[in-house]
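First up is the structure itself, then whatever we jot down about it.
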Amino acid sequence: MTTSKSPSVGVKVVAGLMVAGQVSAVADDAKNASVGATDTLDPTTVLASRFENPVDKTVSSVSVVPGQEIELKQQNRLLDALNDLPGIQGLSTAGQTGAFGSIIVRGLPTKYTQVVVDGVRITDSTNGLNNFLTNAQTSQITQLELLRGPQSVLYGSEAAAGVIGFNTAVGEGDPSYSLFGEAGSFDSYRVAASAQGQVQDLQYAIELNTSFTSNDTYEAYPLQDYSQDSAVLALQWLASEDLRFKLSYRGSSNKFLAHTIDNFGETRSDTQTDIHLLAFNTSYVVNPDYQTHLTFGYYDEESESDTDYGFGPSPYNTKTDRFSINWSNQWVAHDTFTMVGGVDYNKSDYENTNDQKVDYSNVGLYANGFWTPVENLLIELGGRYDEHDTHGGDVAWNVGGGYTIDQTNTRLRARTARSFRTPTLLDSGAFVTPFGVQVENDGLKTETILGYELGLDQEIVENHELQVTYFYQSLEDAIANQVVSPGSFFPVFSPTVSQRVNLEGDSLVSGVESALAGSFVNQTVQYRLAWTAQIKEEVIDVPDHIFSGDVYYDADKWVLGAGASYVGSATYGQPGGTYFLPTDSRFVARLYGNYQIHENLKLHGRLENLFDEKYNVSDSIGGPIQGQGFGAFGGLTLSF
């Protein structure tokens with residue numbers, strides 16, 4: 001088992017280059033958008049139609065956070081930034097930073113949500129999102145979007161709970177550089193090196209990062225060291241006013257060392273995960289009524305884990321290669337009707353240590369129309385057909401409407417949609433592992449999700465907007481593992497025999513998600529509140545209530561902000577299960593800020609878990625997993 005050594009404090013404050021000044025936000029669309037200001041209201045969304053359009057031009061429930069706001073809050077991890085939004089919880093039930101990451105959207109676990117980065121879908125049913133979520137950072141992004149509810153019409157399989165998306169920013173203007181360094185509690189440090197700018201028609205941005213934390217260890221979890229080296233690169237060629245080509249890369253090398261002591265004994269693990277994402281986007285505005293996007297994507301993920309349960313090392317490795325092509329088109333057929341449509345192709349190769357090898361591919365055709373038959377009324381209607389190489393075809397559809405009442409600045413929304421999650425040979429095939437046998441099930445059916453939602457968007461006063469949405473979703477033919485015959489170790493070893501099957505009946509999730517955002521004092525004070533109340537939770541046990549709030553004051557030369565979150569009790573296991581135990585509810589607060597000492601020098605700092613709240617992120621018959629306690633972090637940025 002490898003052990004790690006914490007670097008000295010002197011090393012921790014070494015600075016690197018970091019993007020400075022304003023960064024251009026490119027959403028693979030016809031125009032650039034600056035992220036130099038955090039527009040809380042009237043944002044645009046790319047996810048809702050695959051093209052940049054105002055949020056009120058869709059009937060879906062969508063949240064948008066500018067990348068500059070995330071940077072100002074010092075939320076370097078994707079999971080942390082997502083927790084400021086309604087309808088979602090980002091967490092790790094296996095430990096702290098670097099441990100197994102997951103998300104819950106509208107009461108549905110990770111496998112029912114898609115992530116799209118630079119127009120490229122990250123995973124499918126062959127390989128989950130967990131490794132990506134564990135290690136994903138928010139460096140150099142234009143904005144973070146969360147599109148909630150069934151979204152398979154535009155995004156295919158797995159987009160049943162929603163879609164998370166962001167794009168990599170490129171630079172503009174004269175070249176600029178920055179030095180960044182941060183150190184703090186738990187032997188933590190982060191160092192970055194970046195540059196951005198524009199040379200004639202070529203825009204570029206690059207950022208290199210290295211970081212380390214030993215996390216907040218305790219007696220039952222004496223080791224949980226996490227280190228990461230990452231790189232982000234974006235190049236964009238402005239071939240003409242209407243044609244642009246963008247190449248982006250996001251990659252990281254991640255290592256997590258763990259030692260746990262629980263009711264089952266001691267476990268030591270050493271996990272190395274390498275992730276690479278390459279995207280090539282072409283955007284062409286043919287004429288004022290027609291524009292087209294072509295995206296090529298390659299995602300590579302390799303994880304090598306060596307776990308010792310007390311009777312010798314037990315290696316488990318996985319490797320995923322995923323290639324995708326998406327061609328999207330937006331056509332304004334009339335002042336009252338816009339059509340978005342296209343085709344995508346995905347191919348994945350997956351293998352693991354248990355000799356499970358799966359080649360998976362699919363082709364999808366989709367179309368989604370936006371019709372305004374009368375002023376203030378928007379009707380959205382779309383459909384999709386996917387053909388999978390091993391499990392045939394699947395259909396998705398959505399229909400909805402939105403109406404704006406000008407007199408009260410009120411917008412009413414209603415939507416219903418059908419999504420799906422297609423199984424692969426990993427679910428239906430026969431496999432033999434060191435501890436069990438999976439029996440073939442060639443009759444395994446696709447999981448389907450039927451969702452309904454009613455929403456209200458209300459501008460309370462100028463620069464303050466409330467969004468409330470009620471959702472109800474039904475999961476049919478859920479795929480689960482069924483034990484055919486239990487295994488045993490004594491007197492003679494026999495493996496567990498199981499089969500993946502479709503559960504009978506429907507599993508329901510429902511709830512209410514609310515968000516309030518706005519600004520005061522000429523937009524120098526900005527706030528964001530989110531609250532999610534779960535009513536039905538028949539898939540996994542989740543908190544009944546989750547609340548998050550953040551407010552900051554931007555005085556130009558200095559910024560001071562505060563945030564807080566409340567998470568209710570939950571087991572995060574199957575309802576009625578006995579292995580997972582409910583956690584305690586918790587309230588966690590934080591402070592953050594920065595001060596511009598000189599035009600080339602800025603100091604920053606933050607206090608996490610301000611009141612040192614003691615809580616468990618998960619609990620089971622094996623023992624609880626504690627969350628991070630109080631932590632203080634600070635650093636500087638040198639720009640030139």
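Is it the case that some residue within region 496-516 is of a type in the set (A, V, I, L, M, F, W, C), closer than 30 Å to Thr448 by Cβ and not in a strand (DSSP E or B)?
For region 496-516, residues of a type in the set (A, V, I, L, M, F, W, C), closer than 30 Å to Thr448 by Cβ and not in a strand (DSSP E or B): present.
Restricted to region 579-613, and to residues that are part of a strand (DSSP E or B) and surrounded by fewer than 14 Cβ atoms within 10 Å (Cβ to Cβ), which residue is modelled with the lowest pLDDT?
Looking only at region 579-613, we keep the residues that are part of a strand (DSSP E or B), and these are 580, 586-598, 601-608.
When the remaining residues are screened for being surrounded by fewer than 14 Cβ atoms within 10 Å (Cβ to Cβ), the result is 587, 597-598.
Working: Phe587: 98, Ile597: 96, His598: 93.
By that ranking, first place goes to His598.
Name every residue in region 547-573 that is farther than 21 Å from Leu516 by Cβ, under 24 Å from the mean Cα position of the chain (by Cα) and part of a strand (DSSP E or B), in order of residue number.
none
When you go through Lys557, Lys602, Lys614 one by one, which is the residue that is among the charged types (D, E, K, R) and either in contact with a His (Cβ under 7 Å, 6 or more places away or on another chain) or free of Cβ contacts under 8 Å to residues at least 24 places away in the same chain (or both)?
Lys614
Asp216 - would you say it is touching a residue at least 40 places away in the same chain (Cβ under 8 Å) and open to solvent by 20 Å² or more (accessible area, probe 1.4 Å)?
Working: touching a residue at least 40 places away in the same chain (Cβ under 8 Å): yes; open to solvent by 20 Å² or more (accessible area, probe 1.4 Å): yes.
It is true that Asp216 is touching a residue at least 40 places away in the same chain (Cβ under 8 Å) and open to solvent by 20 Å² or more (accessible area, probe 1.4 Å).
Inside region 442-471, can you point out the residues that are open to solvent by 60 Å² or more (accessible area, probe 1.4 Å), over 16 Å from Val59 (Cα atoms) and in a strand (DSSP E or B)?
Of everything in region 442-471, those that are open to solvent by 60 Å² or more (accessible area, probe 1.4 Å), over 16 Å from Val59 (Cα atoms) and in a strand (DSSP E or B) turn out to be Glu459, Ile460, Val461, Glu465.
For region 615-640, how many residues meet the condition of being part of a loop (DSSP other than H, G, I, E, B), touching a Lys or Arg at 6+ places or on another chain (Cβ under 9 Å) and open to solvent by 30 Å² or more (accessible area, probe 1.4 Å)?
1
Where in region 52-151 are there helices (runs of 4 or more DSSP H), lying fully within it, with 2 or more residues that are free of Cβ contacts under 8 Å to residues at least 24 places away in the same chain and open to solvent by 10 Å² or more (accessible area, probe 1.4 Å)?
Counting at least 2 such residues, we get no helices (runs of 4 or more DSSP H) at all.
Name the single residue, out of those in region 250-261 being surrounded by fewer than 18 Cβ atoms within 10 Å (Cβ to Cβ) and in contact with a strand residue (DSSP E or B) (Cβ under 7 Å, 6 or more places away or on another chain), that is farthest from Gln96 (Cα to Cα).
The extreme case among them is Gly251.
If you take the residues in region 152-181 that are assigned to a strand (DSSP E or B) and under 30 Å from Thr113 (Cβ atoms), which one is nearest to the chain's Cα centre (by Cα)?
Taking the candidates together, the pick is Ile164.
Checking Val512 against (1) at pLDDT 95 or above; (2) out of contact with any Phe, Trp or Tyr (no Cβ under 8 Å at 6 or more places or on another chain): exactly one of these is not met. Which one?
Result: Val512 passes all but (2).
Would a scan of region 376-391 turn up a residue that is closer than 29 Å to Gly128 by Cα, surrounded by 21 or more Cβ atoms within 10 Å (Cβ to Cβ) and modelled with pLDDT under 95? Before you say what the answer is, go through the steps one by one.
Initially, region 376-391 is screened for residues closer than 29 Å to Gly128 by Cα, giving 382-391.
Filter once more, keeping what is surrounded by 21 or more Cβ atoms within 10 Å (Cβ to Cβ): 382, 384, 386, 388, 391.
Subsequent filtering for residues that are modelled with pLDDT under 95 retains 388, 391.
Yes, because at least one residue in region 376-391 is closer than 29 Å to Gly128 by Cα, surrounded by 21 or more Cβ atoms within 10 Å (Cβ to Cβ) and modelled with pLDDT under 95.
Please tell me if Leu208 is more than 23 Å from the chain's Cα centre (by Cα) and open to solvent by 20 Å² or more (accessible area, probe 1.4 Å).
So Leu208 fails the test.
Considering only residues that are over 21 Å from Ser618 (Cβ atoms) and open to solvent by 20 Å² or more (accessible area, probe 1.4 Å), which ones fall in region 528-557?
Applying the first criterion (over 21 Å from Ser618 (Cβ atoms)) to region 528-557 yields 528-531, 533, 535-536, 549-557.
Passing the criteria: Arg528, Leu529, Trp531, Ile535, Lys536, Val551, Tyr553, Asp554, Ala555, Asp556, Lys557.
Of the residues in region 49-103, how many are at pLDDT 95 or above and among the aromatic types (Phe, Trp, Tyr)?
Looking only at that region, the number is 1.
Would you mind finding the one in Leu243, Leu223 that is within 26 Å of Gln203 (Cα to Cα) and open to solvent by 20 Å² or more (accessible area, probe 1.4 Å)?
None of the other options fit; the residue is Leu243.
For region 210-249, enumerate the residues that are assigned to a loop (DSSP other than H, G, I, E, B), within 30 Å of Gly265 (Cα to Cα) and aliphatic (A, V, I, L, M). Write out each step before concluding.
Taking region 210-249 and keeping what is assigned to a loop (DSSP other than H, G, I, E, B), we get 214-217, 219-220, 222, 239-242.
Still in the list and also within 30 Å of Gly265 (Cα to Cα): 214-217, 219-220, 222.
Residue satisfying the conditions is Ala220 alone.
Pairs only if they're at least six apart or on different chains, beta carbon under 8 angstrom, first in region 222-238 and under 26 Å from Asn281 (Cβ atoms) and of a type in the set (Val, Ile, Thr), second open to solvent by less than 40 Å² (accessible area, probe 1.4 Å) and outside any strand (DSSP E or B); list them, first residue then second.
From residues that are under 26 Å from Asn281 (Cβ atoms) and of a type in the set (Val, Ile, Thr), the pairs are Val232/Ser139; Val232/Gln140.
Is one or more of the residues making up region 191-200 of a type in the set (A, V, I, L, M, F, W, C), surrounded by fewer than 17 Cβ atoms within 10 Å (Cβ to Cβ) and part of a strand (DSSP E or B)?
yes
The values are calculated or read from the model by the stated rules, or taken from the named source; none is laboratory data. Predicted model, so just to flag it, every value in this text is computed and none were measured. Virtual Cβ from ideal backbone geometry, glycine too; neighbours counted across all protein chains shown. Just so you know, the surface numbers come from the protein's heavy atoms only, side chains and all, with ligands and any DNA or RNA stripped out. Shrake-Rupley method; radii C 1.70, N 1.55, O 1.52, S 1.80 Å.
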